[in-house]
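Here's the structure we're looking at; comments come further down.
None of the figures in this text is laboratory data; all of them are computed from the coordinates on show. Everything quoted here is computed from the prediction, not taken from an experiment. Because the Cβ atoms are built from the backbone with ideal geometry, glycine has one as well, and the counts that use them run over all protein chains shown.
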Amino acid sequence: MTVLIRPHHLLCLLTFVGKGYTPAFTANMAVIAGRLAGGEALRITDGPDDICAPYMGHCLEGSIAARDAAAARDASVLLGLPIEVGVELTLTPARITVLRAAFAQHTIRTACAACDWAQLCTGIGADGYKQAVL
């Protein structure tokens, strides 16, 4: 199977340590992160994805589309491939390393500017992602 992911969730997955909006959201995110860590492919989508679809409130906010656009733009430049609807890729260890290095240096964090979780994620990156699931 393929995991459907919104572009900004590429960034969220980098720092996921088992915290989230609700226990159910967190459990679902852990399953998704585990699937991706196991080598399952992801496909970029522009609507509710496998992370937020079960919890529709958060992913329908107007600011989410802007976060997706910013994350897609930043990740596309960094990875040298289009991060756009329909594109499939695997988060290989090499890609995760590149994404995490850029995230820690704040070069792909445009989408994180107004995020409630930004401070937590900054700390996780600064700590070398030691507790991250992915």
Legend entry - Loop-located GluC sites (Glu not before Pro) in the stretch 54-134, at most 14 other Cβ atoms within 10 Å (DSSP): Glu61, Glu84
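Using helices alone, what [θ] at 222 nm do you get for the chain, with -39,500 (n - 2.57) per DSSP H run of 4 or more residues, divided over all residues and rounded to the nearest 500?
Details: 6 runs with 66 residues, N = 134.
Computed mean residue ellipticity for the chain: -15000 deg cm²/dmol.
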Legend entry - Least to most buried among Met29, Met1 (fewest other Cβ within 10 Å first): Met1, Met29
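Under 8 Å for C-alpha pairs, at least 6 residues apart: give me the relative contact order for the chain, rounded to a whole percent. The partial results should precede the final answer.
On the way: 181 pairs, mean separation 47.9, N = 134.
Relative CO of the chain lands at 36 percent.
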Inset, instruction - Could you tell me which of rounded, prolate or oblate describes the chain, using a ≥ b ≥ c as the square roots of the eigenvalues of the alpha-carbon gyration tensor, with rounded for a/c under 1.5 and, failing that, prolate when a/b is larger than b/c and oblate otherwise? - result: rounded
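Helix by helix, which DSSP H runs in the chain go 20 Å or more along their axis at the Cα atoms and have an average Kyte-Doolittle hydropathy of 1.0 or more? Before the final figure, lay out the partial values.
On the way: long enough: 23-37 (21 Å, 1.03); 62-79 (26 Å, 0.61).
Span-like helices in the chain: 23-37.
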Legend entry - Amide proton proximity set for Leu4, modelled H, under 5 Å, gap of 5+: Arg43, Asp50
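Fully extended, how many nm does the chain gain between Lys19 and Ser76 (0.36 nm per residue separation, minus their Cα-Cα distance)? Write down the numbers at each step before the final one.
Values: separation 57, 0.36 × 57 = 20.52 nm, distance 2.68 nm.
Contour length minus Cα-Cα distance gives 17.8 nm.
Considering only the other residues whose Cβ falls under 12 Å of the Cβ of Thr45, what net charge follows from Lys and Arg at +1 and Asp and Glu at -1? Present the calculation step by step, with values, prior to reporting the outcome.
Numbers: positive: Arg6, Arg43; negative: Asp46, Asp49, Asp50, Asp68, Glu84, Glu88.
Surrounding charge for Thr45 is -4.
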Inset, instruction - For every other residue with a beta carbon closer than 12 angstrom to the beta carbon of Ala118, add +1 if it is Lys or Arg and -1 if Asp or Glu, then tell me the sum. - result: +1
Inset, instruction - Pop a pseudo-label 7 angstrom from the Cα along the beta-carbon direction at both Ala65 and Glu84 and give the gap in nm to one decimal. - result: 1.7 nm
